[in-house]
Structure formats: structure tokens, C-alpha cells
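Nothing in this text is a laboratory measurement; each read-out follows from the coordinates by a stated rule. Quick caveat, the model's predicted, so the values are computed rather than measured. Please note: Cβ atoms are built from the backbone with ideal geometry, for glycine as well, and neighbour counts cover all protein chains shown.
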Amino acid sequence: MEQPTKDWWRQAVVYQVYPRSFADSNGDGTGDLPGITSRVPHLTRLGVDAVWLSPFYPSALADGGYDVDDHRDVDPRIGTLEQFDELVATLHAAGLKLVVDIVPNHSSDRHPWFRAALAAGPGSPERERYVFRRGRGDDGELPPSDWTAAFGGPAWEPVGDGEWYLHLFTPEQPDWNWAHPDVREDHLETLRFWADRGVDGFRIDVAHALTKDLTEPLPTQAELATLLDGSHPLFDRDEVHDVYVEWRKLFDQYDPPRTAVAEAWVPAHRRARYASPDGLGQAFNFDLLRADFDAEAFRRTVTENLEFAADAGSSSTWVLSNHDVVRHASRYALPAGADQNAWLLSDGRYPRPDVEGGLRRARAATAFILALPGSTYLYQGEELGLAEVADLPAAALQDPTWLRSQGTEKGRDGCRVPLPWTAAGPSHGFGPGGSHLPQPAWFADVAVDRQDGVEGSTLEFYRQALAARRRLRTTEDLTWIPSGADVVAFSRPGGWTVLTNFGPDPVAVPAGELVLSSGPLAGGLVPQDTTVWVRA
Ligand code: NOJ
């Protein structure tokens, strides 16, 4: 049973495109909109329902495009508004929806309003749109507080006249003041702008950070950690939901209503409000992305999240990889609890990854989440079983994390390397020129053309799983089947049984027709690190 149009998002498979690294049409080494449009057949063949585009807006790329100069335009290196319209038309003609990223916590420091704020000086109305504060000390020479920014370094930047501005991320990403009506109105205009161009939904960046309480005295960084459940001055304040209630009214003016998913790093019990039908409607659940490949962790995470989603009147989301984390084929190749940053700093050498086992577990985990009720977010390249490019040389790194942590954190570039479409040719078919991050030689072995039509390849496994999921996607019910400590099994309406074996002992395939197996069976049994879907 396909979802009625209005509820298309509830059990959708959404494919995340990181535009600069997907496909490059003009050979400048940066992916672009015509490149994406040319690859829509790959997405339809894969069988996804929607595409989520990470930021493609004009940007100096201080944070991979999450530093937005103009939220209602396209970066000229990525394309034009006309090319955006062509992409929307091509996706819609292929039956795919489009979700775009909205970055409402901060602009870039090149945004005209931020430039105006700097020029206008202390006490001016222009500065009110951002979070400026006078520094401590006689001449304001000390930051207003000792807060640190997400990628390292202080969260306040001096502007040379005794005032400092707040940036939770890089200094090139000044935080908006959401108490200001101009900020609210401007974002409504941005949402309308894209919704009017045919965008079906929005992914809301750091959705829990918008509204802030900077009443003096400001708490110290150490005190911040103790302030939870609405009392934190920067994160997850109750007032943030007023913003989303306003947005929801806008979304509901469209037919079908525009959808939204919150990126909100909040405790699970606080997630429901972001996902409520009078708010954004859905929220990312990153719990599996942070869990080890472990039966108990998977079972518990699913149980909890299905309850949270039901309480919110939403559907759950399942994510194993995105542009911010080490790809799951590599995470599962490391021993449980391994320090991923230390592994990246060793160029992927220590601990030595179990590459084959990592891919086997990644496929089992993917088959597991694709069988769950709720929507699944896939990250470009995971359909090729791509591992993290862990040995990028320091000189090639672009993620601000690397420099701002003074080389102590390698950052996220290893999952953002442009995709290999062909084993041969310039930039492995990414485009007719180079690639803005260097591709490793092993990309040839996993390129799309190496896997296309090859039985047992990860690409064919994803295609098969997504096709079968169209039949499995019935109502949103799930019933656990008791099955011992190392095995997780559940049934879904329509006679489906799904079983993942996390343990060393092979187990029997449930009775019925074997529709999908994430890897080969062993003597007719389900071996370790394998998921099967069976239909009675
Ligand atoms: C979350 C995004 O996913 C990440 O890539 C970005 O760096 C931060 N938000 C800041 O916008």
C-alpha cells in the first residue's frame, strides 16, 4: 500500500545528496545541479522516494556551505536558479520529492545584514539582528563569556569596537537573533521562496539552537553542561517551538503540505515536540548512528524511538550515515567503542579496520533499518558500500574542524569525497575534470559501473532492498519476535518477518519465501552479521 500523497514522508526513503561531491557537469572539480539532474536515473533505478540536498546556496564554504550568504539563491559554482528549476522538474517527472536544507541558526559573515551590522556599529538596529554583546574588561577586550564553539575555539569573535558576536560554529557563521521580527520574517520568505519553486520539504539545520536567552550573568561553559530541559541559554529552549508553529502554518498553506525534519541534538524525550504535527512534523533520530553493531542496542533503540514517534504523532527516522559522521561501513569495521577520530588521525591504520566485516555489518544494518516502520535517510555513496576515505592528506582537508581544533580532530572530509561513477576516466566519472577532494585508487573497485548488474554487489543489494521495501511498507506496525540474545527479529503486517543475526552461531531462516538477504547464507542458515527478510 503506497502512502497517500500528504503522508508521503512517513515511510519515505530519502537520499541525501551533498551537492559539491555528487556529480560535476562542467569539470571544475565541484559537483553541481546539472550534474545531479543528469544522475536522476541512478536515483530512480535505486528506488528512493525523495532527495535531500545539502546546502547549494552562495557561500564562502567556511563550513561546507552551511555558511549561507544568500538563502534564496544558488552558488554560481553549483548552478543557477533556472538549473534548480530543471532539477525540480526532472525529479518530479521521475516521481521523486525534493527536500532542501534550511540553515536558520546562523548566516555567513558575508550576508548583507551581517555586513551592515558591522558597518553600523555598537547600539545600532542593524546589530540587533545578530547576537552582539559588549566584551568584559574596561575596553571590552575580553569575551562576554568563556563559551566554546562547536568546531573548537571561542564562541565569541571581537569586532574591534568593544563588541563581540556569538557564533556557535565557525566565526564565519554569526548566529541570528531570533527575537528579532526581521529574522523571523526573512526566514518565512525563504521557506515560501523554495516552497513556491516546488520544493516538497525542508531539513532544518541545528533546529534546537535558534532561540537563546542571554540574560546576564551568563553561565560559564562548565555550568552550561548542567542546564537541561529548557533551561539551557543556547539549546532546546521551549520558545523555539513558537518558531516552528509559525512555520507549520506556512507549510500547511501548500497542497500537499510541505514537510520538515528537524536536526535537533536533544535528549530523546525532548524530540517529540520537534516532531509534532503542529511543529516540524519529524525529527532525526541519530541513536542507531551512535550505537555499536549490537543486538541489544538495536532492539532498545528501535523500541524507544517507535514509542517517541508515536507519542509525537510522527513516524520515526532511521539514519546510519550522513555528511557529518564516519561512514557506517567503516564504523562497523572498527572494534566496538574505538576512537574514530584517533583512527582518522592515524590515516585509517590503527586500529586496523576489518573492511570485509565492516561492509557485511553495514549491509545487515541497512537491511534492518529499511525494514522498520518510519522513514530512512540514506547518504550518497552508501549504496556502493563506500568506506570512509581515512587517509586524506592534511593539505587537502577542508572541514573547519581540522584547523580550529589545531589538528587534533581530522573532521568530516573523509565521507565527502566525490563519488566514483566509473572505474576509469577522469575523477572516476564524477566529472570531466578533477575532484575537489582527492579520490583514492580503491574507488575504481567500488564505482557504480563496476557494481551495476553484478549479482551480490552492494549496489544491486540496495536496489533489491528498496524494491522489496515498496511491498513491505504497509501499516506502521511492528511486533518483536523473541529470539535470544544475539538475534533481533520482528514481524510486519502482510506476513513479513525480518531477522538479523548479530552472533557467531548461524540461525534458521524463518519460514516463508526468502525475499532479501544482506549477504550469502551459510548452509541454508543465517550467518553472523546478516539480515534476512522473509514473506510467509
Ligand atoms: C549541522 C550540519 O549537518 C553540519 O554539517 C554543519 O556543520 C552544522 N550543522 C552547522 O551548520
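The table below gives the values:
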item	result
Sequence-separation-based contact order of the stretch 467-536, relative, with Cα cut under 8 Å and 6+ spacing, percent	29 percent
Centroid-to-centroid separation of the stretch 78-114 and the stretch 439-504 [C-alpha atoms, Å]	31 Å
Cα-based Kirkwood hydrodynamic radius, the chain, one decimal, Å	24.1 Å
Residue-by-residue Karplus 3J(HN,Hα) for the stretch 8-21, coefficients 6.51, -1.76, 1.60, Hz, glycine and proline x	3, 6, 4, 10, 6, 9, 10, 9, 7, 9, 9, x, 5, 10
Cut-off under 5 Å, modelled amide H: who pairs with VAL17 long-range	TRP52, LEU53, SER54
Table column - 3J(HN,Hα) (Hz), the stretch 119-125, Karplus curve with 6.51, -1.76, 1.60, x for Gly and Pro	5, 6, x, x, x, 7, x
Gain on full stretching of the segment that runs from TRP480 to GLU189 - 0.36 nm per residue minus C-alpha separation	100.2 nm
Total formal charge among the other residues, if their Cβ is under 14 angstrom from that of ASN26, Lys/Arg +1 and Asp/Glu -1	-2
Exposed-site-free run, longest, the chain (rule: GluC sites (Glu not before Pro); DSSP loop; at most 13 other C-beta within 10 Å)	240-454
Relative contact order %, the chain, counting alpha carbon pairs below 8 Å whose residues are six or more apart	14 percent
For the stretch 112-166: relative contact order, % (alpha-carbon pairs under 8 angstrom, 6 or more apart)	30 percent
Fraction in percent of alpha-carbon pairs per bin - 5 Å, the stretch 50-137	3, 13, 19, 18, 15, 12, 8, 6, 4, 2, 1, 0, 0
Stokes-Einstein D (µm²/s) once Rh is taken as the Kirkwood radius of the stretch 79-120 over alpha-carbon pairs, at 37 °C in 0.692 mPa s	252 µm²/s
For ARG290, net neighbour charge (Lys/Arg +1, Asp/Glu -1) across residues whose Cβ lies under 12 Å away	-3
In Hz, Karplus ³J(HN,Hα) per residue of the stretch 341-352 (6.51, -1.76, 1.60; θ = phi - 60°; x = Gly, Pro)	5, 4, 4, 5, 5, 8, 6, x, 9, 10, x, 5
Under 5 Å, built H, 5+ apart or other chain: amide partners of LEU98	VAL51, ASP200, GLY201
P(r) weight above 16 Å for the stretch 112-166, C-alpha pairs, percent	39 percent
More than 17 angstrom apart: percent of Cα pairs within the stretch 477-535	29 percent
Measure of compaction for the stretch 162-247 (Cα Rg per 2.2 N^0.38 Å)	1.24
Helical mean residue ellipticity (222 nm; -39500 (n - 2.57) per DSSP H run of 4+; nearest 500) of the chain	-7500 deg cm²/dmol
Lysine-lysine proximity count for the chain, Cα under 24 Å, sequence distance 8 or more or distinct chains	4
